[in-house]
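Visitor: First the structure, which I've put down as structure tokens, then a few questions once you've had a look.
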Amino acid sequence: NRWSGMRARVLVRPRSLCNAPQKLNSLSKLFPRRFVNADHLRALFTKPYGQDAPTEAQWRELYDENVHFKDPTQEREGIKAYIEAQDGLMRRCDDVYLQPASIAIEGNTAFVEWEMGLKIKGIEFIYPGTSRLLFNDDGKVCDHRDYFDFVGPTFEPVPVVGGFVRWVYKRFVD
């Protein structure tokens, strides 16, 4: 049936888990020497309006060459494609801010709750979201997955379209 394919995708361990071992046998596997801590993540996820985005060198310091990145609008493989995605966002927007909130780290996984603001042609769009980061044995991000609602904040302010979006959301909630 049509749902069996969906279940299979949910149960299959995705490649994006950096080939992490099923069982970790040593503290060095749990906490690699170069493991990024909450302060590092807070710095990475902080960009006030008017400040420059991280440089290519800064991304490469923290991200694995073969990083997998996915968010609601795109999926990219490799550090070059990841950097191009970040640079593309900066070029499309008049300005961008990113503000972290809660950060949780356990083993080789971190979650960062954040708020992102995009200014585009005088309109500010605010996206609350969360990133899940997986680290390899070298302490570099090998998988970065962003979770956020792209549709609501993007289209709710638009006349006619916004009313339709609110109607659709309400149909799912009520």
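Visitor: What is the percent carbon and sulfur in the accessible area of segment 62-174, measuring with a 1.4 Å probe over the protein chains and ignoring ligands?
Guide: 56 percent
Visitor: Modelling each spin label as a point 7 Å along the Cα-to-Cβ direction, I'd like the Thr130/Lys80 distance in nm, to one decimal.
Guide: 3.4 nm
Visitor: A further question follows. Over segment 52-127, what is the relative contact order in percent, taking alpha-carbon pairs closer than 8 angstrom and at least six residues apart?
Guide: Numbers: 87 pairs, mean separation 14.7, N = 76.
Contact order relative to length: 19 percent.
Visitor: Taking only the alpha carbons of segment 100-174, what extent do you get along each of the three principal axes, in Å, biggest first?
Guide: Sorted from largest, the Cα extents of segment 100-174 read 50, 34, 19 Å.
Visitor: How big is the convex hull of the Cα atoms of segment 24-174, per residue, in Å³? It would help to have the intermediate numbers written out before the result.
Guide: Values: hull volume 18.9 nm³, N = 151.
Convex hull of Cα atoms, per residue: 125 Å³.
Visitor: Here is a follow-up. Just the accessible area per residue of segment 55-99, please: how many Å² with a 1.4 Å probe? Could the numbers behind the result be given before it?
Guide: Numbers: 2560 Å² over 45 residues.
Ligands and nucleic acids excluded, the figure is 57 Å² per residue.
Visitor: On the Cα set of segment 57-140, report Rg and Dmax in Å, please.
Guide: When restricted to Cα atoms, segment 57-140 yields Rg and Dmax of 13.8, 43 Å.
Visitor: Cross-link list Lys47/Lys119; Lys47/Lys70; Lys70/Lys170; Lys121/Lys170; Lys47/Lys170: which exceed 25 angstrom alpha carbon to alpha carbon?
Guide: Beyond 25 Å: Lys70/Lys170; Lys121/Lys170; Lys47/Lys170.
Visitor: For segment 90-127 and segment 41-88, compute the distance between their C-alpha centroids and round to whole Å.
Guide: Here the two parts' Cα centres lie 12 Å apart.
Visitor: Hey, another quick one. Can you spot the aspartates and glutamates whose alpha carbon is less than 16 Å from Lys140's alpha carbon? Ignore those fewer than 8 places along the same chain.
Guide: Lys140 reaches Asp39, Glu56, Glu61, Asp64, Glu65, Glu77, Glu106.
The values are calculated or read from the model by the stated rules, or taken from the named source; none is laboratory data. Small disclaimer: the values here were computed from a predicted structure and weren't measured. Here the Cβ is made from the backbone with ideal geometry for all residues, glycine too, and neighbour counts use every protein chain on show. Heavy atoms of the whole protein, side chains included, go into the accessibility calculation; ligands, DNA and RNA do not. Shrake-Rupley method; radii C 1.70, N 1.55, O 1.52, S 1.80 Å.
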